[in-house]
1. Among what's in segment 15-50 and is more than 10 Å from the ligand (Cβ to nearest atom) and among the charged types (D, E, K, R), pick the residue that is most open to solvent (accessible area, probe 1.4 Å).
2. With the requirement that a residue be under 24 Å from L90 (Cβ atoms) and part of a loop (DSSP other than H, G, I, E, B), what does segment 20-44 give you?
3. State which residue is farthest from A12 (Cα to Cα) when the search covers only segment 99-122 and only residues that are in contact with a Ser or Thr (Cβ under 8 Å, 6 or more places away or on another chain) and within 11 Å of the ligand (Cβ to nearest atom).
4. Return the residues of segment 36-55 that are closer than 25 Å to A4 by Cβ and touching a residue at least 40 places away in the same chain (Cβ under 8 Å); say none if nothing qualifies.
5. Those residues that are more than 10 Å from the ligand (Cβ to nearest atom) and open to solvent by 60 Å² or more (accessible area, probe 1.4 Å), I need them from segment 3-14; list them, please.
6. Pull out all pairs, ordered by first then second residue, where Cβ-Cβ is under 8 Å, the residues are six or more apart or on different chains, the first lies in segment 91-105 and is touching a residue at least 60 places away in the same chain (Cβ under 8 Å) and within 20 Å of V74 (Cβ to Cβ), and the second is hydroxyl-bearing (S, T, Y) and open to solvent by less than 40 Å² (accessible area, probe 1.4 Å).
7. Return only the number of the condition from (1) more than 15 Å from the ligand (Cβ to nearest atom); (2) assigned to a loop (DSSP other than H, G, I, E, B); (3) within 13 Å of the chain's Cα centre (by Cα) that V53 does not satisfy.
Amino acid sequence: MGYAYDDQNIFAKILRGEIPNSTVLETEHSLAFRDIRPQAPTHVLVIPKGAYVCFDHFAQEATEAEIVDYVRAVGDVCKMEGVAENGWRLISNAGENGVQEVPHLHVHVLAGRNLGRMLSRG
Ligand code: 5GP
């Protein structure tokens with residue numbers, strides 16, 4: 001099955017500059033910005049600039065340059081936000097069961113408080 005990308009999603013609009021964002025880091029292939037409804041003192045979203053729906057789409061179809069840039073961008077955000085000392089969490093929701101709200105790949109970098117157990121029901 002192919003991945004259908006909707007270029008009207010909110011992160012596509014952010015990438016086109018149609019909606020403002022609080023940028024943490026911009027690289028050749030990636031953008032990191034603060035989540036509008038932060039769930040922890042540090043809550044940064046990291047997205048590729050390419051039109052990828054979710055992590056598996058990206059992992060299967062992105063170029064090596066995009067993948068390296070994206071993973072390094074996550075590492076740089078971690079460094080900039082100082083998350084290593086007290087710990088942090090990386091989350092990427094995908095599809096219906098993953099309860100993905102925005103259909104453009106993003107990882108959540110969460111830190112700054114105890115984040116509780118990994119999953120809860122509901
Ligand atoms: P998902 O549930 O898809 O994994 O997460 C989508 C995230 O995007 C949510 O945490 C939500 O708060 C965030 N979000 C939705 N719209 C906007 C927006 O316009 N700007 C920013 N910065 N974050 C947004």
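1. This residue is E28.
2. Narrowing segment 20-44 to residues under 24 Å from L90 (Cβ atoms): 21-44.
N21, S22, T27, E28, H29, D35, I36, R37, P38, Q39, A40, P41, listed by residue number.
3. Taking segment 99-122 first, the residues in contact with a Ser or Thr (Cβ under 8 Å, 6 or more places away or on another chain) are 105-112.
Then drop every residue that is not within 11 Å of the ligand (Cβ to nearest atom), which leaves 105-108, 110.
Details: L105: 10, H106: 11, V107: 15, H108: 17, L110: 22 Å.
Residue satisfying both the conditions and the ranking: L110.
4. Correct list: L45, V46, I47, P48, A51, Y52, V53, C54, F55.
5. From segment 3-14, those more than 10 Å from the ligand (Cβ to nearest atom) are 3-8, 12; that's our starting set.
Residues satisfying the conditions are Y3, A4, Y5, D6, D7, Q8.
6. Filtered contacts from segment 91-105: H104/Y52.
7. Going through (1) more than 15 Å from the ligand (Cβ to nearest atom); (2) assigned to a loop (DSSP other than H, G, I, E, B); (3) within 13 Å of the chain's Cα centre (by Cα) one by one, V53 breaks only (1).
Yes or no, residue by residue, for (1) touching a strand residue (DSSP E or B) at 6+ places or on another chain (Cβ under 8 Å); (2) open to solvent by 30 Å² or more (accessible area, probe 1.4 Å):
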{"residue": "K79", "(1), (2)": "no, yes"}
{"residue": "W88", "(1), (2)": "yes, yes"}
{"residue": "E96", "(1), (2)": "no, yes"}
{"residue": "E101", "(1), (2)": "no, yes"}
{"residue": "H106", "(1), (2)": "yes, no"}
{"residue": "A111", "(1), (2)": "yes, no"}
{"residue": "R117", "(1), (2)": "no, yes"}
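The values are calculated or read from the model by the stated rules, or taken from the named source; none is laboratory data. What you see is a predicted model, and the numbers here were worked out from it, not measured in a lab. Here Cβ is always computed from backbone atoms with ideal geometry, including for glycine, and neighbour counts include all displayed protein chains. Keep in mind that these areas ignore ligands, DNA and RNA; they rest on the heavy atoms of the full protein, side chains included. Shrake-Rupley method; radii C 1.70, N 1.55, O 1.52, S 1.80 Å.
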